[in-house]
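Peer 1: Have a look at this one.
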Amino acid sequence: MMSQFSSHSFAGQKALIRVDFNVPLDDAYNITDDTRMRATIPTIQKIIKNGGSVILMSHLGRPKYGPTPKYSLIHIVGHLSKLLSLEVQFANDCIGEEAVNKAAALQPGQVLLLENLRFYKEEEKGDEAFAQKLSKLGDVYVNDAFGTAHRAHASTAVIAKFFAPGSKMFGLVMNAEVASAEKVLHGSEKPFTAIIGGAKVSDKILIIENLLDRATDIIIGGGMAYTFFKAQGGTIGTSICEDDRMPLALEILAKAKAKGVNIHLPVDNIITTEFSNTTARKNCESMSIPDGWMGLDIGEATRAKFAAVIESSKTILWNGPMGVFEMENYQAGTKAVAVAVAAATAKGAFSLVGGGDSVAAVNIFGFTDKVSYVSTGGGAMLEYFEGKVLPGIAAITA
């Protein structure tokens with residue numbers, strides 16, 4: 001699909017692009033993280049360079065009752081204009097008269113941003129009539145919103161049916177996301193290590209099961225590890241645990257053994273008495289955490305153990321932190337993993353970091369440029385690695 005966008009000439013065409021401009025805003029409507037906006041700039045610039053014009057559509061937040069000033073995309077027009085070094089036009093609706101007229105009058109090299117798609121309930125319902133109205137605004141449809149590819153919404157999936165095969169394609173962000181995920185899932189060099197963290201086994205069970213057929217090594221850290229310890233008869237004090245998932249944890253270990261996949265669990269943890277950055281803490285063996293104590297990070301021996309596995313890998317997928325890295329005293333584990341992933345990448349491994357917390361961690365620790373690819377796709381990336389078909393991808397490729 002990559003070549004289709006790269007080789008397409010947009011000269012004289014109006015490109016209708018689904019972008020993911022669902023960016024965080026503070027109380028004064030300042031953008032606090034413009035990563036998603038910056039990611040899609042090359043796609044927009046390629047079309048402008050070709051002599052085409054651009055109509056951008058996105059959602060912002062979760063407006064419940066139609067148009068809501070707080071969720072208006074007008075708040076991002078100024079910043080987008082700066083990023084593109086041109087004055088971006090704005091339509092106060094996405095399908096109304098103003099949108100139709102402004103889209104029709106658009107000249108080559110100009111950019112129009114439509115108002116929040118989710119001001120219409122039809123967007124999330126995947127309404128066909130709504131999708132058709134949107135489709136009439138442009139000559140060609142470009143999906144560059146990987147973060148919403150797992151939703152069968154009007155603008156991400158349904159709209160594609162109103163464009164001929166040569167007039168619908170992925171943008172550069174979408175291409176890179178899909179290519180990176182495909183490389184890990186279907187073209188991984190061995191050893192392939194998946195680093196899975198986060199609080200709950202239930203959130204990651206599908207991804208772990210799918211990876212049991214692909215990875216050589218699976219590292220399990222974060223809160224979910226304590227369910228595995230307890231399931232194996234360990235004591236975990238007041239650490240987070242999903243008691244109802246303990247049989248599942250044992251099942252994962254048995255499946256991994258049968259398939260010859262190495263599961264690496266922490267051997268020690270940093271424990272404390274309260275969920276706090278200030279209470280006393282100590283290093284403790286994973287299977288014998290005393291009553292009244294909880295684990296909030298992986299321990300010193302585990303950091304070295306995990307780093308050794310990661311640094312000998314050729315393919316790495318990282319989804320989820322190793323501890324409560326938002327608190328300074330419990331970020332050493334996640335940081336050690338980031339350092340090891342960067343070191344392996346420097347030695348030629350392909351590393352993909354996906355999922356909100358892992359992405360936040362590589363950003364905080366300054367490793368964004370030291371890994372192969374950082375996914376902006378959150379839930380979409382997770383579902384991709386669970387082996388699910390994403391509607392936004394199927395709409396273009398099917």
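The values are calculated or read from the model by the stated rules, or taken from the named source; none is laboratory data. What you see is a predicted model, and the numbers here were worked out from it, not measured in a lab. Reconstructed Cβ throughout: ideal geometry from the backbone, glycine too, with neighbour counts over all protein chains shown.
Peer 1: Can you tell me which residue among Ala304, Ala342, Ala308 is among the hydrophobic types (A, V, I, L, M, F, W, C), under 26 Å from Glu189 (Cβ atoms) and touching a strand residue (DSSP E or B) at 6+ places or on another chain (Cβ under 9 Å)?
Peer 2: Working: Ala304 fails: touching a strand residue (DSSP E or B) at 6+ places or on another chain (Cβ under 9 Å); Ala308 fails: touching a strand residue (DSSP E or B) at 6+ places or on another chain (Cβ under 9 Å).
Selected residue: Ala342, the only one of Ala304, Ala342, Ala308 that is among the hydrophobic types (A, V, I, L, M, F, W, C), under 26 Å from Glu189 (Cβ atoms) and touching a strand residue (DSSP E or B) at 6+ places or on another chain (Cβ under 9 Å).
Peer 1: Could I ask something else about it? Might you let me know whether the range 232-245 holds any residue that is closer than 23 Å to Val341 by Cβ and either surrounded by 18 or more Cβ atoms within 10 Å (Cβ to Cβ) or free of Cβ contacts under 8 Å to residues at least 24 places away in the same chain (or both)?
Peer 2: Just the residues of the range 232-245 that are closer than 23 Å to Val341 by Cβ, to begin with: none.
Scanning the range 232-245 turns up no residue that is closer than 23 Å to Val341 by Cβ and either surrounded by 18 or more Cβ atoms within 10 Å (Cβ to Cβ) or free of Cβ contacts under 8 Å to residues at least 24 places away in the same chain (or both).
Peer 1: Now for a separate question. Checking the structure you have, find out if any residue of the range 186-202 is under 19 Å from Ile316 (Cβ atoms), hydrophobic (A, V, I, L, M, F, W, C) and in a helix (DSSP H, G or I). Spell out the reasoning first.
Peer 2: Looking only at the range 186-202, we keep the residues that are under 19 Å from Ile316 (Cβ atoms), and these are 186-198.
Add one more test, that the residue is hydrophobic (A, V, I, L, M, F, W, C), and what stays is 192, 194-196.
Add one more test, that the residue is in a helix (DSSP H, G or I), and what stays is none.
For the range 186-202, residues under 19 Å from Ile316 (Cβ atoms), hydrophobic (A, V, I, L, M, F, W, C) and in a helix (DSSP H, G or I): absent.
Peer 1: Residues that are touching a Ser or Thr at 6+ places or on another chain (Cβ under 9 Å) and free of Cβ contacts under 8 Å to residues at least 12 places away in the same chain: does the range 280-298 have at least one?
Peer 2: Keep residues of the range 280-298 that are touching a Ser or Thr at 6+ places or on another chain (Cβ under 9 Å), which gives 280-282, 286-298.
Still in the list and also free of Cβ contacts under 8 Å to residues at least 12 places away in the same chain: 280.
Yes, the conditions are met somewhere in the range 280-298.
Peer 1: Quick check on Ser313: is it more than 21 Å from Ser239 (Cα to Cα), assigned to a loop (DSSP other than H, G, I, E, B), touching a strand residue (DSSP E or B) at 6+ places or on another chain (Cβ under 6 Å) and not hydrophobic (A, V, I, L, M, F, W, C)?
Peer 2: On the way: more than 21 Å from Ser239 (Cα to Cα): yes; assigned to a loop (DSSP other than H, G, I, E, B): yes; touching a strand residue (DSSP E or B) at 6+ places or on another chain (Cβ under 6 Å): yes; not hydrophobic (A, V, I, L, M, F, W, C): yes.
It is true that Ser313 is more than 21 Å from Ser239 (Cα to Cα), assigned to a loop (DSSP other than H, G, I, E, B), touching a strand residue (DSSP E or B) at 6+ places or on another chain (Cβ under 6 Å) and not hydrophobic (A, V, I, L, M, F, W, C).
Peer 1: Moving to a separate point now. Answer yes or no as to whether Gly109 is modelled with pLDDT under 95 and either closer than 12 Å to Phe21 by Cβ or among the small types (Gly, Ala, Ser) (or both). Walk me through how you get there before you give the answer.
Peer 2: On the way: modelled with pLDDT under 95: no; either closer than 12 Å to Phe21 by Cβ or among the small types (Gly, Ala, Ser) (or both): yes.
No, not satisfied.
Peer 1: So which of Gln4, Gln13, Gln45 is in contact with a Leu (Cβ under 8 Å, 6 or more places away or on another chain) and farther than 21 Å from Gly377 by Cα?
Peer 2: Details: Gln4 fails: in contact with a Leu (Cβ under 8 Å, 6 or more places away or on another chain); Gln13 fails: in contact with a Leu (Cβ under 8 Å, 6 or more places away or on another chain).
Unique residue meeting the criteria: Gln45.
Peer 1: Could you give me the residue pairs with C-beta distances under 9 Å whose first residue belongs to the range 30-43 and is assigned by TED's automatic domain parsing to the domain that holds Lys82, whose second residue is in a loop (DSSP other than H, G, I, E, B) and surrounded by fewer than 14 Cβ atoms within 10 Å (Cβ to Cβ) wherever it lies, and which are 6+ apart or on separate chains?
Peer 2: Once the first residue is assigned by TED's automatic domain parsing to the domain that holds Lys82 and sits in the range 30-43, its partners that are in a loop (DSSP other than H, G, I, E, B) and surrounded by fewer than 14 Cβ atoms within 10 Å (Cβ to Cβ) give Ile31/Pro24; Thr32/Pro24; Thr32/Asp26; Asp33/Pro24.
Peer 1: If I filter the range 104-114 for residues that are in contact with a Pro (Cβ under 9 Å, 6 or more places away or on another chain), crowded, with 23+ Cβ neighbours inside 10 Å, under 20 Å from Gly392 (Cα atoms) and hydrophobic (A, V, I, L, M, F, W, C), do I get at least one hit? Quick ask: steps written out before the conclusion?
Peer 2: Residues of the range 104-114 that are in contact with a Pro (Cβ under 9 Å, 6 or more places away or on another chain), as a first pass: none.
No - not one qualifying residue is present in the range 104-114.
Peer 1: So, one more: Taking the options Ala394, Ala349, Ala336, Ala304, name whichever one is small (Gly, Ala, Ser), out of contact with any Phe, Trp or Tyr (no Cβ under 6 Å at 6 or more places or on another chain), in the same structural domain as Asp213 (by TED's automatic domain parsing) and under 25 Å from Ile205 (Cα atoms).
Peer 2: Of the residues listed, the single one that is small (Gly, Ala, Ser), out of contact with any Phe, Trp or Tyr (no Cβ under 6 Å at 6 or more places or on another chain), in the same structural domain as Asp213 (by TED's automatic domain parsing) and under 25 Å from Ile205 (Cα atoms) is Ala336.
Peer 1: Looking only at the range 374-395, which residues are touching a helix residue (DSSP H, G or I) at 6+ places or on another chain (Cβ under 6 Å), not small (Gly, Ala, Ser) and not in a loop (DSSP other than H, G, I, E, B)?
Peer 2: Val374, Tyr384, Phe385
Peer 1: When only residues in the range 117-130 that are over 24 Å from Met37 (Cβ atoms) and not aromatic (Phe, Trp, Tyr) count, which is surrounded by the most Cβ atoms within 10 Å (Cβ to Cβ)?
Peer 2: If we filter the range 117-130 for residues that are over 24 Å from Met37 (Cβ atoms), which is where we start, we get 121-122, 125-130.
From what is left, the residues that are not aromatic (Phe, Trp, Tyr) are 121-122, 125-129.
Numbers: Lys121: 13, Glu122: 21, Lys125: 13, Gly126: 18, Asp127: 16, Glu128: 14, Ala129: 10.
Within the range 117-130, the match that is surrounded by the most Cβ atoms within 10 Å (Cβ to Cβ) is Glu122.
Peer 1: Could you check the range 141-172 and list, in sequence order, the residues that are crowded, with 24+ Cβ neighbours inside 10 Å, part of a helix (DSSP H, G or I) and among the hydrophobic types (A, V, I, L, M, F, W, C)?
Peer 2: Selection gives Phe146, Val158, Ile159, Ala160.
Peer 1: Additional query: Touching a Pro at 6+ places or on another chain (Cβ under 9 Å), over 26 Å from Glu182 (Cα atoms) and surrounded by 17 or more Cβ atoms within 10 Å (Cβ to Cβ): does that describe Ser358?
Peer 2: On the way: touching a Pro at 6+ places or on another chain (Cβ under 9 Å): yes; over 26 Å from Glu182 (Cα atoms): no; surrounded by 17 or more Cβ atoms within 10 Å (Cβ to Cβ): yes.
Taking the combined requirement at face value, the residue does not satisfy it.
Peer 1: Given the criterion within 24 Å of the chain's Cα centre (by Cα), crowded, with 24+ Cβ neighbours inside 10 Å and β-branched (Val, Ile, Thr), identify the matching residue among Ile219, Ile205.
Peer 2: Among Ile219, Ile205, only Ile219 is within 24 Å of the chain's Cα centre (by Cα), crowded, with 24+ Cβ neighbours inside 10 Å and β-branched (Val, Ile, Thr).
Peer 1: Something else about it: Going by the conditions given, is Lys257 within 31 Å of the chain's Cα centre (by Cα), over 18 Å from Glu209 (Cα atoms), among the basic types (Lys, Arg) and in the same structural domain as Glu326 (by TED's automatic domain parsing)? Quick ask: steps written out before the conclusion?
Peer 2: Working: within 31 Å of the chain's Cα centre (by Cα): yes; over 18 Å from Glu209 (Cα atoms): no; among the basic types (Lys, Arg): yes; in the same structural domain as Glu326 (by TED's automatic domain parsing): yes.
Criteria not met by Lys257.
Peer 1: Somewhere in the range 166-186, is a residue under 23 Å from Gln13 (Cα atoms), touching a helix residue (DSSP H, G or I) at 6+ places or on another chain (Cβ under 6 Å) and among the basic types (Lys, Arg)?
Peer 2: The answer is yes, given that some residue of the range 166-186 is under 23 Å from Gln13 (Cα atoms), touching a helix residue (DSSP H, G or I) at 6+ places or on another chain (Cβ under 6 Å) and among the basic types (Lys, Arg).
Peer 1: Now a separate question. Could you name every one of the helices (runs of 4 or more DSSP H) located completely within the range 67-140 that has at least 2 residues being in contact (Cβ under 8 Å) with a residue 60 or more places away in the chain and out of contact with any Asp or Glu (no Cβ under 8 Å at 6 or more places or on another chain)?
Peer 2: By residue number, 128-135.
Peer 1: Within the range 291-312, identify whether any single residue is within 22 Å of the chain's Cα centre (by Cα) and closer than 18 Å to Val173 by Cβ, and answer yes or no.
Peer 2: Step one: list which residues in the range 291-312 are within 22 Å of the chain's Cα centre (by Cα), which gives 310.
Remaining after also requiring closer than 18 Å to Val173 by Cβ: none.
Scanning the range 291-312 turns up no residue that is within 22 Å of the chain's Cα centre (by Cα) and closer than 18 Å to Val173 by Cβ.
Peer 1: Would you confirm whether or not the range 85-101 contains a residue that is surrounded by 21 or more Cβ atoms within 10 Å (Cβ to Cβ), closer than 19 Å to Gly171 by Cβ and of a type in the set (A, V, I, L, M)?
Peer 2: No: the range 85-101 contains no residue that is surrounded by 21 or more Cβ atoms within 10 Å (Cβ to Cβ), closer than 19 Å to Gly171 by Cβ and of a type in the set (A, V, I, L, M).
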